[in-house]
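Structure first, commentary second.
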Amino acid sequence: MEISAFLTILLLPLCLFEINPVFFLGGSLTGLTQRTGVDVANVDASSVRCNLRGTTRSPAFSMDGDFVIGGVFSIHYNMYTEIHSHDTKPDPPKCTGSINARELRFSRTMIFAIEEINNSTELLPGIILGYQIHDSCAAVPVAMQVAFQLSNGGENIFYRNNNCSHSGMMAAVVGESGSTPSISISRVIGSFDIPQVSHFATCACLSDKKQYPNFFRTVPSDAFQAVALAKLVKHFGWTWIGAICSDSDYGNNGMASFLQAAQKEGICVEFTEAFYRTQPYKTQKVADVIRRSTAKVIVAFTAAGEMKVLLEELARKPSPSRQWIGSESWITDTNLHKFTFCEGAIGFGIPRSDIPGLRDFLLDLSPSEVATFKCTLRKDVDAGQHVCNGSEDLQKVPNTFIPSSPLRITTMVYKAVYAIAHAIHNVVCVKKNATTQCDKHLMLESKQVTALKRVNFTQNGYSVSFDVNGDPVAAYELVNWRKDESGNIEVVAVGYYDASLPKNKEFLINKNLTWMDGRQEVPKSVCTESCPPGTHRVLQKGKPICCYDCIPCPEGEISNTTDSSDCFPCPIEFWPNAVKDSCHPKPVEFLSNNETLAIILAVFSVSGACLAILTAAVFFHHRTTPIVRANNSELSFLLLFSLTLCFLCSLTFIGAPTEWSCMLRHSAFGITFVLCISCVLGKTIVVLMAFKATLPGSNVMKWFGPLQQRLTVVFFTFVQVLICTVWLVLRPPFPMKNFSTYKERIILECALGSAIGFWAVLGYIGLLAVFCFVLAVLARKLPDNFNEAKFITFSMLIFCAVWLTFIPAYVSSPGKFTVAVEIFAILASSFGLIMCIFAPKCFIILCQPEKNTKKYLMNKK
């Protein structure tokens, strides 16, 4: 490949930036031979003699040296735009607008550091570092032109047989402050393995060593700051925020990282807007969006230039107060402190530090060299300003060039210069016999890039090192904008963020903060107020996850945290409290001994038993009287005994069910009632048989005498005992907790075990009762003054009515009332029997003794 063709292809992009192609021949012809593989020495001399045809861009500050360090800073805010006529050769781009005092301070700090190194006897002894510091006008085209110029030698003519002077070789470049121009510079100088160390380019994209292998920085990557900002927003409970960023690599990449981190923290963003300072209509739109927003907190991931333009736009038309959260690019910029309506702003800044001697060095700069106070070097002065005459004293004129507080970003410039110096030292210097010797004629080539990777030193208490991505350890100060006594904004450190600390311990706030409008309480910024415990969030359709409705938990479920996304059910033995924020044990319900209902039923039960015993006593006392003897006194006493047991067995249904009480209550109930009905049935049969015996020739009574009556009662009772025994052996009743009847409480009851056994017991009682009832009905009109069958009929009618109504009442009664219904049926039927069968007899015995005679009983009407 011919050298002319190679140069044509290589130099073609330079035309876009109006740079003379000769600038691209940086280094030496020998270096070009090494890079291209073309032997330039064998090419005709006329083809390799290069004359500078254009005008180089003059540096803002420069000094020759053995090794030259380049510097690129945005000393001016804007680039002068010129329309070319194409009939004359254009001049290099010019800067316009006011001077950025902070950027000017950066450039002077670089000079200070280089002079300090040149005076050092330990670092690069015998070596003089030079510098070429250029003004990029805060414009990418100018930054790229500067990058090309720094990549080349400084002579106007290059010859075939002469190497370029070492004074033209760029050992490294410090800058730029912005991420976008830093990317452009890195892509240009990276082709020549010239390292770049930025003091303020924080875009996380620059950590990609595949694209930017020669890029280093002394300021932390935005990847750390984005996470820190998200944690800061989360820490104060803000879930509804607005977000704005510079429409640049710094702003767009930083905002993308922040939005990703915010999403992990559950933070919602109402709006995201990007703008650039040269877009007035876009800036006005962003300002209007902020004014209309419902979010009280605005996160601004912007450069200082964009923030200044936006705040000026917001100042024209007052808007509701907003809590500003700032990135390090603008939160510590003193040029923005005039916007006092941003009081309370918080954000992360580079940690403060001090550089001994720097302040005095900066004071040596005359206002005639740069206008940075209330005067300007421009002729088109604004209202309230005057032209600098060169006699101003920087110590007496308020300005932002001379810092009044410890330095932040300026220290990063200082570190960058020292990092480059240490890298050069490690390449060209060797320690022999306790003395350091440095070779000023040694060609650096790309060695300083490798040396920078291994840099690790401490200067004035500042540690400097780089990780594999060329980044330093991330550490920030949390700063807060406050008004001092005179009403001016001051930046106060209130905490820190250190990414090197263990997880969840990186972030700390150690002072009280001042919030927007000077308030002392933390402002709220949420789309929806937090859902209290007992409710859960239901997202509003079409809105972010932070916008929701608070819906009470369903029955039986609780939420015990704020902003719960769902409710969860209580364990089966627990139930929510009234506000549904905790589970409490369900009350256990059974017919307790101390309940009023239980006491009433117990009183009736005992009263019934006493009544039966009293009746038996009356019968026993008058056992020789005709009315007692005529009513089969043996069966009557057995019936009264069984009724006493019936009354008392109802007491087994009261109290907490146990395994034994469950078996006893059902079996005792079944057996005692069968005994009772058997006695009644025996009395009914006796009545019928007695009537039959009065007929002529009847001999029936001998078949149903006292022995047969006893055997009948025993037989019927034995059948029930057999049924109960089988039930209790196979599947007996048992205590259980009923969770289905009521959700909010537990019913402690006796499970039937075998439903067939239970209904067999009841069915057998019912069968005997119906049989007895039928016989009693048949005997109800027997001609007798004291008709026993009639009273038995009434008693069986009551008995059957009670138990027929018991079945549906038992099935439908809830909880403890099921037991109460069963007790009521037992008592009602028992009282029915004793009142219908024995009450009339006792009335005659006690109140009408004249009727208790054989003559009266034998008298027929």
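The values are calculated or read from the model by the stated rules, or taken from the named source; none is laboratory data. This is a predicted model, so every value here is computed, not measured. A quick note on method: Cβ atoms are made from the backbone with ideal geometry, for glycine too, and the neighbour counts reach across all protein chains shown.
Considering (1) buried (at least 18 other Cβ atoms within 10 Å of the Cβ); (2) under 20 Å from SER650 (Cβ atoms); (3) aliphatic (A, V, I, L, M); (4) modelled with pLDDT under 80, the lone condition that LEU768 does not fulfil carries the number (4). If we keep just the residues of region 74-113 that are among the polar types (S, T, N, Q) and over 13 Å from ILE133 (Cβ atoms), which is surrounded by the most Cβ atoms within 10 Å (Cβ to Cβ)? Only one residue tops the list, namely ASN100. The sole residue among THR218, THR272, THR239 that is in contact with a His (Cβ under 7 Å, 6 or more places away or on another chain) and in contact (Cβ under 8 Å) with a residue 24 or more places away in the chain is THR218.
Within region 60-92, the set of residues being under 19 Å from GLN145 (Cβ atoms), in contact (Cβ under 8 Å) with a residue 60 or more places away in the chain and over 58 Å from the mean Cα position of the chain (by Cα) comprises just one member, PRO90. Restricting GLU270, GLU312 to those that are within 26 Å of PRO181 (Cβ to Cβ), surrounded by fewer than 24 Cβ atoms within 10 Å (Cβ to Cβ) and not assigned by TED's automatic domain parsing to the domain that holds ALA201 reduces the list to GLU312. Restricting attention to region 654-675 and to residues that are crowded, with 23+ Cβ neighbours inside 10 Å and either of a type in the set (Phe, Trp, Tyr) or without any contact (Cβ under 8 Å) to a residue 12 or more places away in the chain (or both), the residue that is farthest from PRO735 (Cα to Cα) turns out to be PHE673.
If you filter region 734-761 down to residues that are closer than 27 Å to GLN720 by Cβ and under 51 Å from the mean Cα position of the chain (by Cα), you find that the one that is surrounded by the fewest Cβ atoms within 10 Å (Cβ to Cβ) is PHE734.
Tallying residues that are in a loop (DSSP other than H, G, I, E, B) and either more than 24 Å from the chain's Cα centre (by Cα) or without any contact (Cβ under 8 Å) to a residue 12 or more places away in the chain (or both) within region 563-598 yields 13. If LYS415 satisfies every condition in (1) charged (D, E, K, R); (2) modelled with pLDDT of 90 or more; (3) outside any helix (DSSP H, G or I); (4) closer than 17 Å to ILE69 by Cα but one, which is the exception? In the conditions (1) charged (D, E, K, R); (2) modelled with pLDDT of 90 or more; (3) outside any helix (DSSP H, G or I); (4) closer than 17 Å to ILE69 by Cα, LYS415 misses (3) alone.
Quick one: in region 206-222, which of the residues that are among the aromatic types (Phe, Trp, Tyr) and part of a strand (DSSP E or B) is surrounded by the most Cβ atoms within 10 Å (Cβ to Cβ)? The qualifying residue surrounded by the most Cβ atoms within 10 Å (Cβ to Cβ) is PHE215.
Residues are listed down the side, and each one gets a yes or a no for (1) more than 30 Å from GLY534 (Cα to Cα); (2) out of contact with any Gly (no Cβ under 7 Å at 6 or more places or on another chain); (3) among the small types (Gly, Ala, Ser):
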| site | (1), (2), (3) |
| --- | --- |
| PRO569 | no, no, no |
| ASN577 | no, yes, no |
| PRO585 | no, yes, no |
| GLU589 | no, no, no |
| ALA612 | yes, yes, yes |
| GLU634 | yes, yes, no |
| LEU640 | yes, yes, no |
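THR278 - would you say it is more than 21 Å from SER500 (Cα to Cα), assigned by TED's automatic domain parsing to the domain that holds ASN512 and modelled with pLDDT under 95? Answer is yes for this residue. Of a type in the set (A, V, I, L, M, F, W, C) and at pLDDT 75 or above - does that describe any residue in region 699-706? There is no residue in region 699-706 that is of a type in the set (A, V, I, L, M, F, W, C) and at pLDDT 75 or above.
Do the conditions hold for ALA493, that is, is it assigned to a helix (DSSP H, G or I), touching a residue at least 12 places away in the same chain (Cβ under 8 Å) and surrounded by 15 or more Cβ atoms within 10 Å (Cβ to Cβ)? No: the conditions fail for ALA493.
Residues that are touching a helix residue (DSSP H, G or I) at 6+ places or on another chain (Cβ under 6 Å), closer than 24 Å to CYS268 by Cβ and assigned to a loop (DSSP other than H, G, I, E, B) within region 496-522 are absent altogether. Apart from one condition, ALA274 fits all of (1) in a strand (DSSP E or B); (2) within 19 Å of CYS546 (Cα to Cα); the exception is (2).
Residue-by-condition table, conditions (1) within 26 Å of MET412 (Cα to Cα); (2) in contact with a Pro (Cβ under 6 Å, 6 or more places away or on another chain); (3) surrounded by fewer than 21 Cβ atoms within 10 Å (Cβ to Cβ); (4) not basic (Lys, Arg):
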position	(1), (2), (3), (4)
ASN253	yes, no, no, yes
LYS264	no, no, yes, no
ARG292	no, no, yes, no
ALA300	yes, no, no, yes
SER319	no, no, yes, yes
ASP333	yes, no, no, yes
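For every residue, the table says whether it meets (1) crowded, with 16+ Cβ neighbours inside 10 Å; (2) at pLDDT 90 or above; (3) not assigned by TED's automatic domain parsing to the domain that holds LEU229.
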| site | (1), (2), (3) |
| --- | --- |
| PHE339 | yes, yes, no |
| ASP360 | no, no, yes |
| VAL370 | yes, no, yes |
| ARG378 | no, no, yes |
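Annotation for region 468-477: at least one member residue is at pLDDT 90 or above, charged (D, E, K, R), surrounded by 12 or more Cβ atoms within 10 Å (Cβ to Cβ) and outside any loop (DSSP other than H, G, I, E, B).
Restricted to region 783-855, the set of helices (runs of 4 or more DSSP H) holding at least 2 residues that are surrounded by fewer than 16 Cβ atoms within 10 Å (Cβ to Cβ) comprises 788-812, 839-847.
Only residues that are hydroxyl-bearing (Ser, Thr, Tyr) and crowded, with 20+ Cβ neighbours inside 10 Å were counted in region 604-638, giving 3.
How many residues does region 534-554 contain that are outside any strand (DSSP E or B), at pLDDT 90 or above and surrounded by fewer than 18 Cβ atoms within 10 Å (Cβ to Cβ)? Result for region 534-554: 1. Only residues that are among the hydrophobic types (A, V, I, L, M, F, W, C) and not in a strand (DSSP E or B) were counted across region 737-752, and they come to 2. For GLU115, the conditions (1) more than 30 Å from THR81 (Cα to Cα); (2) in contact with a helix residue (DSSP H, G or I) (Cβ under 6 Å, 6 or more places away or on another chain); (3) in a helix (DSSP H, G or I); (4) not polar (S, T, N, Q) are fulfilled apart from (2). When PHE806 is tested against (1) touching an Asp or Glu at 6+ places or on another chain (Cβ under 9 Å); (2) within 24 Å of PHE669 (Cβ to Cβ); (3) at pLDDT 80 or above; (4) not polar (S, T, N, Q), exactly one condition is not met: (3). Scanning region 793-840 for residues that are free of Cβ contacts under 8 Å to residues at least 24 places away in the same chain, of a type in the set (Phe, Trp, Tyr) and within 17 Å of LEU591 (Cα to Cα) returns TYR810, PHE817. Among the residues making up region 121-151, those that are hydroxyl-bearing (Ser, Thr, Tyr), closer than 18 Å to ILE189 by Cβ and assigned to a loop (DSSP other than H, G, I, E, B) are SER136, SER151.
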